[in-house]
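Quick note: the coordinates plus some simple rules give every number you see, no bench work behind them. All of these numbers come straight from a predicted model, not from anything done at the bench. Here the Cβ is made from the backbone with ideal geometry for all residues, glycine too, and neighbour counts use every protein chain on show.
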Amino acid sequence: MANVYIDGFNLYYCAVKGTSFKWLDLNKLCSNLFSGKHIDKIYYFTAKIRAPRHDPNASTRQEIYWRALKTLPNLEIIKGHFVRWPRWMPKYPLQYIGSKKTPVMVQVERTEEKGSDVNLAAMLVYNNSVQNNNESIVISNDSDLSLAIKIVTSNLNQAVIVVNPNRTSRARKDKNCKISIDLKKVATNYLPSINDNVLANSLFPDTFSDSIGTIRKPSSW
């Protein structure tokens with residue numbers, strides 16, 4: 001049996017953003033990635049977004065997706081939180097003022113998701129400390145998780161497979177989605193990417209029902 005720990009925002013930005021794969025059934029995804037394993041529990045680490053002015057329906061789409069995920073009996077959503085604050089940063093490309101070459105600064109809104117990596121690391125170590133019959137699968141490319149995974153593999157002698165959520169056919173190169181050498185070193189096994197065909201075959205139906213009523217995939221997805 002295997003427990004799966006999913007870094008929700010890492011999966012979103014590296015695998016499904018800008019694609020038709022957003023309506024992702026995470027149980028199907030795990031089963032398609034590891035067809036020979038019994039998936040016991042799936043932990044999905046995420047945070048409630050604050051809809052930006054240019055996309056006021058973003059939080060509504062997320063709520064619909066969470067409702068769809070809650071139909072999966074073996075999945076638990078564990079929430080962090082978002083913080084936003086204004087910050088002065090150098091303009092890019094760099095421009096300078098005066099003989100001292102002081103960089104031109106602009107004010108930006110900094111958005112950061114807090115808690116998910118810590119929550120994932122804590123749950124991974126805790127579960128492997130109290131049970132010794134489940135393999136662990138971590139879907140993330142966040143190198144901040146390397147110590148927690150090392151504790152599980154080296155100190156607790158438990159298996160951890162790390163899945164880099166980067167798509168195989170993704171043309172856009174993003175350093176945050178490239179293979180994490182730190183995670184690769186501490187994992188017992190490693191998948192370097194997720195195939196587009198796996199994502200395409202891991203979607204919820206466009207329309208289905210829960211105990212409340214009908215759930216419909218957001219039209220923009």
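Toward the positive end of the charge dipole of the chain, about the Cα centre and with charges on Cβ (Lys, Arg +1; Asp, Glu -1), which of Asn27, Tyr92, Tyr126 goes farthest? Checking the options against the dipole of the chain, the answer is Tyr92.
For the pair Ser154 and Ser31, a Förster radius of 35 Å applied to the C-beta separation gives a FRET efficiency near 0.75, rounded to the nearest 0.05. The charge dipole of the chain, taken about the Cα centre with unit charges on the Cβ atoms of Lys, Arg (+1) and Asp, Glu (-1), comes to about 920 debye, rounded to the nearest 20.
Build a GNM of the chain with springs between Cα atoms under 10 Å apart, and of Pro93, Pro165, Pro103 the one that fluctuates most is Pro93. Computed over the chain, relative contact order equals 25 percent, with contacts defined as Cα pairs under 8 Å that lie 6+ residues apart.
Cβ-Cβ distance of Ala122 and Asp196, R₀ of 45 Å, FRET efficiency by 1/(1 + (r/R0)^6): the value works out to about 0.90.
With a Förster radius of 35 Å applied to the C-beta separation of Met89 and Ile181, the computed FRET efficiency comes to 0.80.
In the chain, taking the dipole from charged Cβ atoms about the Cα centre, the farthest positive-side position among Pro103, Phe204, Ser180 is held by Pro103.
Relative to the current alpha-carbon distance between Ser99 and Glu63, full extension at 0.36 nm per residue lengthens the span by 7.7 nm. Just list whichever of Lys17/Lys185; Lys28/Lys70; Lys70/Lys217 have alpha carbons separated by over 21 Å in the model shown. Pairs exceeding 21 Å: Lys17/Lys185.
Between Ile212 and Asn189, the modelled label-to-label distance comes to 3.7 nm, taking each label 7 Å out from Cα in the direction of the beta carbon. Within the listed set Val108, Val163, Val138, the residue fluctuating most in the Gaussian network model of the chain (springs between alpha-carbon atoms under 10 angstrom) is Val108. Taking amide H atoms as placed 1.01 Å from N in the peptide plane, the amide H of Met105 lies under 5 Å from those of Lys91, each 5 or more residues away in sequence or on another chain.
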